[in-house]
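Visitor: Handing you this structure, nothing more for now.
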Amino acid sequence: MAVTLTETAAKRVKDFLANRGKGEGLRLGVKTTGCSGMAYVLEFSDGADEGDEVFESQGVKIYIDAKSLVYIDGTELDYTKEGLNEGFKFNNPNEKDTCGCGESFTV
Amino acid sequence: MALLQISEPGQSTKPHEHRLAVGIDLGTTNSLVATVRSGVADTLPDDKDDHILPSVVHYLADGEPLVGSEAKKHATTDPLNTISSIKRLMGRGVLDLKHIGTRLPYEFAESDSSVPRIKTAAGEKSPVEVSADILRVLKDRAERTLGDELNGAVITVPAYFDDAQRQATKDAAKLAGMHVMRLLNEPTAAAVAYGLDQGGEGVIAVYDLGGGTFDISILRLNRGVFEVMSTAGDTALGGDDFDHAIAKWIMQQAKISDDAGHHQLRRLLRDACAAKEALTSADTAELKIELENGEYWEGVLSKEIFNQLVDPLIQKTIITSRRALRDAKVTADEVEAVVMVGGSTRVPRVREKIGEFFGKQPLVNIDPDKVVAIGAAIQADVLVGNKPDDELLLLDVIPLSLGLETMGNLVEKIIPRNTTIPVARAQDFTTFKDGQTAMTIHVVQGERELVSDCRSLGKFTLHEIPPMVAGAARIRVTFQVDADGLLSVMAREETTGVESGIQIKPSYGLTDSEIENMLRDSITYAEEDVAARNLREQQVEADRVIEAIQVAMQQDGQLLSEQERTGIDSAVERLANVRNGNDHNLIKQTIDEVNNLTTEFAARRMDQSIKKALSGQNVNEI
C-alpha cells in the first residue's frame, strides 16, 4: 500500500510548507460528500493522528487515515496547470467516475 | 478533474463550497488582484502572464470596453474615450471637478446629478462605472484562475479616503458583481503583507513612492488594531520625476534644445526610464540617443550622477516624511519597521536614503508593486474563513471624528477618531424650545469644535416630536459605522418611537491635503477652539435664559411690581448686549446676575401654578 507524489508536486509541497513556517507534511484523505459520493481532502499536517498511516515520497511525509487509504491507495498526487488555474491533482486508480465538475468521485 | 489547493488542518471545504476570496489593489495607475493558495499569497497573472492591469478603460461605440494595456494603446489616438486615473474622481462631486478637473482631458456631461459623468462613445460613464469595468476584469481573471465563483473580496483604499470615496469604491465593486467583505487602508495592507500585524505593537512607517504620487503613512499597531496616526504626501511626485530629471540631464549633455519636438521628448523619457531601471542592478547605464537630425549621441550615466540627479527629489519625500512623523508625534527612532511600497522604491538610492532617515533597513523583500494586493489577499483569506478561528482579525479605525451640530454651531462628537470599527454609539439629545416638534440632525466629520470648521456629511429632520416644554423630549441619536467605515445615523424620539435616519453617502469629497489639514488644524487651533466653544456655550445659554424670561414675563408679568419689572428688563438687555461680545466669562457672570435677579419671580410663578393646580380640589384628591 502506498501513495506517492510526483517530483513537481513534492517541490510545491516543500515550498508551501517552508512558507507556512511549520508543519510535518501533507494530509490526504477522502470525505463522503459532494454530488458524486466522495471528495478529496488535502491539508497541511502538524503531526500524525491516531490510526494514521504515514508514507514518505520524494522527501515529503504523507499522513492518511486508515479509512481513507482504502479509497486512495495507489494514488499519485501531481501538480499541474490548466489555463490560468493551477493546483494539485489526484491520479487515483480506484476512481471509477467523477461528477461533471470533477470535484467528487465514486469508487 | 478539478485542481486542489492545500488547506489548513481541518479547514478543507466541501466540493463547490470553496471559500474563495481575493484582495484587490484598485490603484490610480495600476490594479492587481491577489489570493492565498496553499497558504501562499500572490498576485494572479492574466493570459499573457502580466500581473499588473493598467487602470485604463477604453470605451467603444459597440461592444465591451477594453481594459488595461489594450486600452492604454488608445490613450493618444482616442483620448476622450480612454479613461485613466479615474480613482482621482471617485466619490467626488461635480463641484470638485473645478480644482481636479483642469488636468483631466475628458468631456463631462451637463447634468443635474451631483456625480460627474464622462461622455464616451459608449454613453455617459460615472467614475463608479469606470472603476467597475476595471474590477470586472480582475474578478473574471480571479474566477478563471481559481476555477469557481468568488465568495468575497477585500479592496484597498488610500488611508485618507473619506466616507464618500469609500462608498463609491464599494458601489463599484457591487456593480461588478463582487461582495466586498472589507475595505482596507493601503498602508495597513502593506504592513499585513509583511506580517507586521502578528508582531504585537509598535509604530510602522509605510513609504509609498509610485509613478506619479508619494504617500507616507505612520501607523501604530496596538492589540491587533492598526491606527493611522498621520498621513502626508505629494500627489505630483514619483518615479516619472526621476525620468524627467535624467532626460533633462541628457538634453544638457547631448545639447538638445529645450524646444525639441514632442516625439523627441517622449523618446528621451523612454530612454531615461530604461537607464533608471538599468541602474537598479548596474553601476552605469549606456545611452544611445537618436537626435532629430538622424545622428546619434552616445553617453554613459553613472550611478553617482544619477544619485545627484534624484537626491533633491528623494529629499522632498524625506521632508514630507518628517512632517508625517511630527504630526504623529513620534520620532524616527520610535519607528520599528519601514515598509516600502510602489515601483519607485526599487531605486537603490531611495532605499539607502530612507534607510538612513529612519535609521533602519526598510522592508523590501516583497515586490513593492504587489505588496498592497498581497496584504489584502491575506486579510480576505482570514475574513472568508480559511483560517482557524484563533487567528486575530485585523481591525481598522475611523480616520476623522463623527459628530453632530448642536445649538450655537457647536460640534458634539459622538464617535471620536481612531475608534475601532465596527462601532455603534448613542447619545440622548433634547429640544431647545417649548413645543418644538422637529429637530434637524446635521452630521459632521472632523476634529474642530465649530461646525463651520468641520465637514458636513448630511442632514435629516426628525418630525412629529410631541410638543413638550424645552428639555423634556428625549431623542436618542445613534451613530453606527460598519466594518467598511460607512456611517448610518438614526434619531428616535423615545416616548413615541418616531424614527428617522440617513445612510451617509455625501456628494462631495475632500482632497487629500484637506483631510491632512483638518487633522493638523485641530491641533494648531486647539486653544482657539476651546475658547470658541466656551464662548458659544455661554452665548447659547444666554439666549436660552433671555427667551425663557421673555416668555415668563409675557405669561406672568402681572406677578411683578413695576420696579421689579424694570430691573429685570434692564438686566436682560444688559445680557443681550454682553452676549454679542466675545468674553465668555462676562457672559457667564451676567447670566448669573440675571438668574439671581429672577429667582424671586420664578418662586412666585411656581407658587401660582401650584395654587392654580390645587384650586377647586379637595385635599383628599391629591
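The values are calculated or read from the model by the stated rules, or taken from the named source; none is laboratory data. Since we're looking at a predicted model, the values are computed, not measured. Note that each Cβ is placed from the backbone with ideal geometry, even for glycine, and that neighbours are counted across all protein chains shown.
Visitor: Tell me which residues, restricted to segment A:38-55, are outside any loop (DSSP other than H, G, I, E, B) and either at the interface with chain B (Cβ under 10 Å from one of its Cβ atoms) or surrounded by 15 or more Cβ atoms within 10 Å (Cβ to Cβ) (or both).
Guide: A:Met38, A:Ala39, A:Tyr40, A:Val41, A:Leu42, A:Glu43, A:Phe44, A:Ser45, A:Asp52, A:Glu53, A:Phe55 - these are the residues of segment A:38-55 that are outside any loop (DSSP other than H, G, I, E, B) and either at the interface with chain B (Cβ under 10 Å from one of its Cβ atoms) or surrounded by 15 or more Cβ atoms within 10 Å (Cβ to Cβ) (or both).
Visitor: Which of the residues spanning segment B:276-288 are closer than 16 Å to B:Gly299 by Cα and not in a helix (DSSP H, G or I)?
Guide: Residues satisfying the conditions are B:Leu279, B:Ala282, B:Asp283, B:Thr284, B:Ala285, B:Glu286, B:Leu287, B:Lys288.
Visitor: Looking for something more than 13 Å from chain B (Cβ to nearest Cβ), over 18 Å from A:Leu69 (Cβ atoms) and assigned to a loop (DSSP other than H, G, I, E, B) - is there at least one such residue anywhere in segment A:1-23?
Guide: yes
Visitor: Return the residue satisfying two criteria in turn: it lies in segment A:70-89 and is over 22 Å from B:Arg37 (Cβ atoms) and surrounded by fewer than 20 Cβ atoms within 10 Å (Cβ to Cβ), and of such residues it is nearest to the other protein chains (Cβ to nearest Cβ).
Guide: A:Gly74
Visitor: Which ones in segment B:186-201 are modelled with pLDDT under 90 and either out of contact with any Leu (no Cβ under 6 Å at 6 or more places or on another chain) or more than 24 Å from B:Leu383 (Cα to Cα) (or both)?
Guide: Correct list: B:Gly195, B:Leu196, B:Gln198, B:Gly199, B:Gly200.
Visitor: May I ask you to say which residue of B:Gly177, B:Gly123, B:Gly147 is within 14 Å of chain A (Cβ to nearest Cβ) and at positive phi?
Guide: The match here is B:Gly147.
Visitor: Which ones in segment B:179-201 are closer than 18 Å to B:Thr231 by Cβ and either free of Cβ contacts under 8 Å to residues at least 24 places away in the same chain or assigned to a strand (DSSP E or B) (or both)?
Guide: B:Leu183, B:Leu184, B:Asn185
Visitor: On to the next question. Of all residues in segment B:252-275, how many are surrounded by fewer than 19 Cβ atoms within 10 Å (Cβ to Cβ), assigned to a helix (DSSP H, G or I) and at pLDDT 85 or above?
Guide: Count: 6.
Visitor: Return the residues of segment B:448-483 that are surrounded by 19 or more Cβ atoms within 10 Å (Cβ to Cβ) and out of contact with any Pro (no Cβ under 9 Å at 6 or more places or on another chain); say none if nothing qualifies.
Guide: Within segment B:448-483, B:Arg448, B:Glu449, B:Leu450, B:Val451, B:Asp453, B:Cys454, B:Leu462, B:Ile465, B:Ile475, B:Val477, B:Phe479 meet the criteria.
Visitor: Could I ask something else about it? Kindly indicate whether any position in segment A:74-97 is at pLDDT 85 or above, in a helix (DSSP H, G or I), closer than 21 Å to A:Glu24 by Cα and of a type outside the set (S, T, N, Q).
Guide: no
Visitor: Same structure again: Among the residues of segment B:1-29, count how many are surrounded by fewer than 20 Cβ atoms within 10 Å (Cβ to Cβ), more than 12 Å from chain A (Cβ to nearest Cβ) and touching a strand residue (DSSP E or B) at 6+ places or on another chain (Cβ under 8 Å).
Guide: Looking only at that region, the number is 1.
Visitor: Is it the case that segment A:25-37 has a residue that's away from every other protein chain (no Cβ under 12 Å) and modelled with pLDDT under 85?
Guide: No: segment A:25-37 contains no residue that is away from every other protein chain (no Cβ under 12 Å) and modelled with pLDDT under 85.
Visitor: Same structure again: For segment A:56-69, give me the residue count where each residue is within 14 Å of chain B (Cβ to nearest Cβ) and within 21 Å of A:Leu17 (Cα to Cα).
Guide: 6
Visitor: Would you be able to tell me the number of residues in segment B:30-73 that are in a loop (DSSP other than H, G, I, E, B), more than 30 Å from B:Glu8 (Cβ to Cβ), away from every other protein chain (no Cβ under 14 Å) and not aromatic (Phe, Trp, Tyr)?
Guide: 9
A quick yes/no check of all residues on (1) touching a helix residue (DSSP H, G or I) at 6+ places or on another chain (Cβ under 6 Å); (2) surrounded by fewer than 24 Cβ atoms within 10 Å (Cβ to Cβ):
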{"residue": "B:Gly147", "(1), (2)": "no, yes"}
{"residue": "B:Tyr160", "(1), (2)": "yes, no"}
{"residue": "B:Met181", "(1), (2)": "yes, yes"}
{"residue": "B:Leu184", "(1), (2)": "yes, no"}
{"residue": "B:Thr188", "(1), (2)": "no, no"}
{"residue": "B:Tyr194", "(1), (2)": "no, yes"}
{"residue": "B:Ala205", "(1), (2)": "no, no"}
{"residue": "B:Met229", "(1), (2)": "yes, yes"}
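A quick yes/no check of all residues on (1) β-branched (Val, Ile, Thr); (2) at pLDDT below 90; (3) closer than 16 Å to B:Ala373 by Cα; (4) in contact with a Ser or Thr (Cβ under 9 Å, 6 or more places away or on another chain):
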| site | (1), (2), (3), (4) |
| --- | --- |
| B:Val154 | yes, no, yes, no |
| B:Val180 | yes, no, yes, yes |
| B:Ile216 | yes, no, no, yes |
| B:Lys248 | no, no, no, no |
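Visitor: Could you list, in sequence order, all residues of segment B:1-29 that are in a loop (DSSP other than H, G, I, E, B) and farther than 30 Å from A:Lys31 by Cα?
Guide: Answer for segment B:1-29, where residues must be in a loop (DSSP other than H, G, I, E, B) and farther than 30 Å from A:Lys31 by Cα: B:Gly27, B:Thr28, B:Thr29.
Visitor: Checking B:Val225 against (1) more than 19 Å from B:Asp25 (Cα to Cα); (2) β-branched (Val, Ile, Thr); (3) crowded, with 21+ Cβ neighbours inside 10 Å, which single condition isn't satisfied?
Guide: Looking at each condition in turn, B:Val225 falls short on (3).
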